[in-house]
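Before any comments, here is the structure.
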Amino acid sequence: MSVIELSRARLIDLDWPAFGLAERPAPVEAAELQARLAALRASMAAARLTHAIVYGDREHFANLTYLTQFDPRFEEALLILTGEERSPLLLVGNECEGYVGVSPLLAAGRLRFERYQPFSLLNQPRNTSRALRDIFASEHIGANARVGCIGWKYFAAGEHPDAAHAIDLPAYVVDTLRELAGREAVVNATSLMMHPGSGLRSRCSASEIAFFEYTGVLASEGMKRMLFGLRPGMLDTELLTLTGYNGEPLSCYMTLVTEANRSLGLSGPIGARIARGSPLASNLAYWGSNVCRAGWVAASAQDLEPAARDYVEAFAGPYFAAMAEWFALLRIGTPGGRLAALMAERLPFDRFGVSLNPGHLIHLDEWLSSPIYPGSDIPLHSGMAIQADVIPSSPVYFSTRMEDGFVLADAGLRERLRQGFPACFARCQQRREFMIEVLGIELGEEVLPLTNTPAIVPPFFLRPERIFTAR
């Protein structure tokens, strides 16, 4: 193993470890879904809500899927949950009606569903469903109701003059609710699901961790195949086929940026040939995972433009060293603001251009919310699935990245994972050992790495075996 010394970080030549593949976990059971619905009812009671209306569509599916395991295809859907112990009602369009059985709650007799045809695509049949007002009224939404709407965003006071009543569901849904219950009684309740400190989805169960590890392995193995299969002269579309995409649902678009589309950060492949000396960034994100790497199509600094040849010393090396410190703070109880302050100090904006949160929560959707922002007093807690997503940007050095998924798990959650999903737990422990012993990154015992590329950063993608370490 050869070593190149740098300040605070160094490069080593190393065969990437093989942590093994993950089998797809069994689908979540009805009992766990019922527990999630019970937890939402408890949150509703604390917020003095009689009903929750959970909206979903193809892009904004995660809250609905978390509660039912149903995700809308083509259409919108709506879950009506009362504070009473009765089965929730799921409204679906024409084409989703045959898909409702994906929810284990249906077979368990704990989910009702009804076809609401206006959720269907334009000009499909609309002559056999009740009016939305009649459906809501039959669920006892009226003058004595207080309804919480759960979409995909809630708003702070500085964002809207009446944040409690700023609701991101379709207007025709909200208007109908307000006609029945009154404007003041229909409020935004998305924080019950998505708040980084108290939202239900900020606390993952052992089964969720196992599924996120499965998709994390898929994404990281796909990224690994891309980096080791990269060759100058390939088309960017050809490179992306190396991911081996297997049909699991994606949580966001696959991106692939080279010199040809460098100014379009969220772009996918455009049919461009990849040249030596080009920057390259790409991601692959399934439900519960997102793996991204950014660097250069190069074997060494000599392949870069002269102005960027100190890329390792001036940019990528300091980034890796800063991320090693980030991981040392990634502990249960650490306020998110401490992580934000650390990265602002270690990666000053004028040099590194980090404009988004230095880390965020991930779930079925790629970005749930984030406790990590300036001044945040939200403590990290057990069950948080966190992306090591710190995105530097430079007109000279392009970028670098080690975006992988991690989960914080206290002793009880680790034991439930070990008992219920022993192979997953064992892989997490092997990755921890690699990060600590080989990469020199300090990790609290609660940190479980979920991908097969844990903090592996090769600055030059034509020499992927040369990676950073903090030892």
>> Filter the range 112-167 down to the residues that are touching an Asp or Glu at 6+ places or on another chain (Cβ under 6 Å), open to solvent by 20 Å² or more (accessible area, probe 1.4 Å) and assigned to a loop (DSSP other than H, G, I, E, B) and list them by number.
In response: Lys153
>> Just the residues that are more than 17 Å from the chain's Cα centre (by Cα) and either open to solvent by 10 Å² or more (accessible area, probe 1.4 Å) or within 30 Å of Gly20 (Cα to Cα) (or both), please, taken from the range 181-197.
In response: Ala181, Gly182, Arg183, Glu184, Ala185, Val187, Asn188, Leu192
>> Return the pair list, or none, for Cβ contacts closer than 8 Å from residues in the range 16-36 that are under 20 Å from Leu448 (Cβ atoms) to residues that are at pLDDT below 95 and surrounded by 15 or more Cβ atoms within 10 Å (Cβ to Cβ), at least 6 apart or on different chains.
In response: none
>> So, Leu280, is that one at negative phi, under 24 Å from the mean Cα position of the chain (by Cα) and assigned to a loop (DSSP other than H, G, I, E, B) or not?
In response: no
> Taking the range 399-439, which residues are within 30 Å of Gly277 (Cβ to Cβ) and either in contact with a Lys or Arg (Cβ under 6 Å, 6 or more places away or on another chain) or aliphatic (A, V, I, L, M) (or both)?
Replying inline: Arg401, Met402, Val438, Leu439
>> If a residue must be more than 13 Å from the chain's Cα centre (by Cα), of a type in the set (Ser, Thr, Tyr) and farther than 24 Å from Thr258 by Cα, how many such residues does the range 203-231 contain?
In response: 3
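Checking the structure you have, find out if any residue of the range 303-310 is at pLDDT 95 or above, crowded, with 17+ Cβ neighbours inside 10 Å, basic (Lys, Arg) and more than 15 Å from Ser393 (Cβ to Cβ). Step through it out loud before you land on a result.
Start the filter on the range 303-310 by keeping residues that are at pLDDT 95 or above, which leaves 303-310.
Among the residues that remain, those that are also crowded, with 17+ Cβ neighbours inside 10 Å are: 303-304, 308.
After this cut, where a residue has to be basic (Lys, Arg) as well, the list is none.
No, the range 303-310 has no match at all.
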>> Quick check on my filter: what residues within the range 329-354 are open to solvent by 40 Å² or more (accessible area, probe 1.4 Å) and of a type in the set (Gly, Ala, Ser)?
In response: Gly333, Ala341, Ala344
>> Against the condition touching a His at 6+ places or on another chain (Cβ under 9 Å) and of a type in the set (A, V, I, L, M, F, W, C), how does Ala47 come out, does it pass?
In response: no
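Any residue at all in the range 215-235 that's hydroxyl-bearing (Ser, Thr, Tyr) and surrounded by 15 or more Cβ atoms within 10 Å (Cβ to Cβ)?
To start, the set of residues in the range 215-235 that are hydroxyl-bearing (Ser, Thr, Tyr) comprises 215, 220.
Restricting the remaining residues to those that are surrounded by 15 or more Cβ atoms within 10 Å (Cβ to Cβ) gives 215, 220.
Yes, the range 215-235 contains at least one residue that is hydroxyl-bearing (Ser, Thr, Tyr) and surrounded by 15 or more Cβ atoms within 10 Å (Cβ to Cβ).
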> Within the range 459-466, is even one residue open to solvent by less than 40 Å² (accessible area, probe 1.4 Å) and under 28 Å from Glu23 (Cα atoms)?
Replying inline: yes
>> I'd like the full set of residues that are part of a helix (DSSP H, G or I) and of a type in the set (Gly, Ala, Ser), limited to the range 234-262.
In response: Ala260
>> Is it the case, given these coordinates, that Ser399 is farther than 28 Å from Gly199 by Cα and crowded, with 20+ Cβ neighbours inside 10 Å?
In response: yes
>> Please go through the range 42-69 and give me each residue that is assigned to a helix (DSSP H, G or I) and either in contact with a Gly (Cβ under 8 Å, 6 or more places away or on another chain) or in contact (Cβ under 8 Å) with a residue 40 or more places away in the chain (or both), ordered by number.
In response: Ser43, Met44, Ala45, Ala62, Asn63, Leu64, Thr65, Tyr66, Thr68
>> Every residue in the range 428-439 that is open to solvent by 30 Å² or more (accessible area, probe 1.4 Å) and either in contact (Cβ under 8 Å) with a residue 60 or more places away in the chain or over 30 Å from Arg10 (Cα atoms) (or both), please.
In response: Gln430, Val438
>> For the range 168-226, give me the residue count where each residue is assigned to a loop (DSSP other than H, G, I, E, B) and over 30 Å from Gly244 (Cβ atoms).
In response: 12
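Could you list, in sequence order, all residues of the range 200-214 that are of a type in the set (D, E, K, R), closer than 14 Å to Tyr286 by Cβ and open to solvent by less than 10 Å² (accessible area, probe 1.4 Å)?
Glu213
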> Quick one: which of Ser251, Ser282 is of a type in the set (S, T, N, Q) and open to solvent by less than 10 Å² (accessible area, probe 1.4 Å)?
Replying inline: Ser282
> Where residues in the range 44-74 are over 19 Å from Phe113 (Cα atoms) and open to solvent by less than 30 Å² (accessible area, probe 1.4 Å), which of them is nearest to the chain's Cα centre (by Cα)?
Replying inline: Met44
> Is it the case that some residue within the range 444-462 is among the aliphatic types (A, V, I, L, M), modelled with pLDDT of 95 or more, closer than 30 Å to Pro232 by Cβ and touching a strand residue (DSSP E or B) at 6+ places or on another chain (Cβ under 7 Å)?
Replying inline: yes
>> Can you tell me how many residues within the range 28-39 are among the aliphatic types (A, V, I, L, M), part of a helix (DSSP H, G or I) and farther than 27 Å from Gln117 by Cβ?
In response: 5
> Mind checking which residues of the range 89-121 are in contact (Cβ under 8 Å) with a residue 40 or more places away in the chain and under 20 Å from His51 (Cα atoms)?
Replying inline: Leu89, Leu91, Leu105, Arg110, Leu111
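The values are calculated or read from the model by the stated rules, or taken from the named source; none is laboratory data. Nothing here was measured: the structure is a model prediction, and the numbers come from that model. Cβ atoms come from the backbone with ideal geometry, glycine included; neighbour counts cover every protein chain shown. The area values use the complete protein model at the heavy-atom level, side chains included, leaving out ligands, DNA and RNA. Shrake-Rupley method; radii C 1.70, N 1.55, O 1.52, S 1.80 Å.
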